[in-house]
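The values are calculated or read from the model by the stated rules, or taken from the named source; none is laboratory data. Please read these numbers as outputs of a predicted model, since none were measured by experiment. All Cβ positions, even for glycine, are placed from backbone atoms using ideal geometry, and neighbour counts span all protein chains on display. These accessible areas exclude ligands, DNA and RNA; they are computed on the full protein's heavy atoms, side chains included. Shrake-Rupley method; radii C 1.70, N 1.55, O 1.52, S 1.80 Å.
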Amino acid sequence: MRIQQLRDLLEYVAHCRLDMAQLYGRLNNQADSARVKMMLDYFESHQKTMAEKLRDYIEEAPHRILDTWYKDFTFEDFTKRCQDTMLPANMNEDDVLNLHLDLENRLIGLLEKTVNSTTAEDARNALANLIRVEKTQQQRLVHSTIRMDDI
């Protein structure tokens with residue numbers, strides 16, 4: 001994916017979140033364990049919510065921030081990664097959590113790479129805040145997943 005403006009980046013991340021949701025839905029159909037299915041349902045719902053919140057942010061953010069330009073900024077084909085990802089039917093909670101953290105960390109890494117190459121202070125601050133929110137959401141999700149073990 002070639003990114004030219006911050007708006008493109010944020011829309012791409014929202015799309016990646018939906019790709020993750022589709023992946024979790026597909027894995028849910030293949031999973032044997034009821035606990036894993038519950039976890040995949042939770043992750044799928046969470047990704048859809050995160051994509052929606054990011055799209056809401058795009059609609060409300062100032063154009064001067066969203067219109068920040070980048071030169072030749074590229075990122076992996078995340079859609080293909082999600083489509084090609086397979087787990088066995090006997091996957092367990094750790095397999096799903098590790099997959100999720102890998103995908104999340106790739107997206108956070110993209111945002112961190114972008115903030116490091118951003119010179120416009122408004123855009124840098126917006127990205128830094130988004131990274132902080134993403135990491136906080138990731139921590140909460142992991143904590144919620146761990147609490148599922150108590151159920």
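Structure data summary
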quantity: Label-point gap, in nm, between Lys113 and Lys37 - each point 7 angstrom along Cα→Cβ; calculated: 3.8
quantity: Net charge over other residues, Cβ less than 13 angstrom from the Cβ of Asp122 (K, R count +1; D, E count -1); calculated: 0
quantity: Where Lys135, Lys71 fall by accessible area, highest first, once all protein chains stay in place (1.4 Å); calculated: Lys71, Lys135
quantity: Relative contact order of the chain, defined on C-alpha pairs under 8 angstrom at six or more residues apart (%); calculated: 31
quantity: Dipole moment magnitude, nearest 20 debye, the chain about Cα centre, only Lys, Arg, Asp, Glu C-beta charged; calculated: 200
quantity: Separation of alpha-carbon centers, the stretch 120-143 and the stretch 1-31, rounded to whole Å; calculated: 17
quantity: Accessible surface of the chain, 1.4 Å probe, proportion on carbon and sulfur as whole %; calculated: 48
quantity: Spatially close lysines, pair count over the chain: Cα under 25 Å, gap of eight or more or interchain; calculated: 15
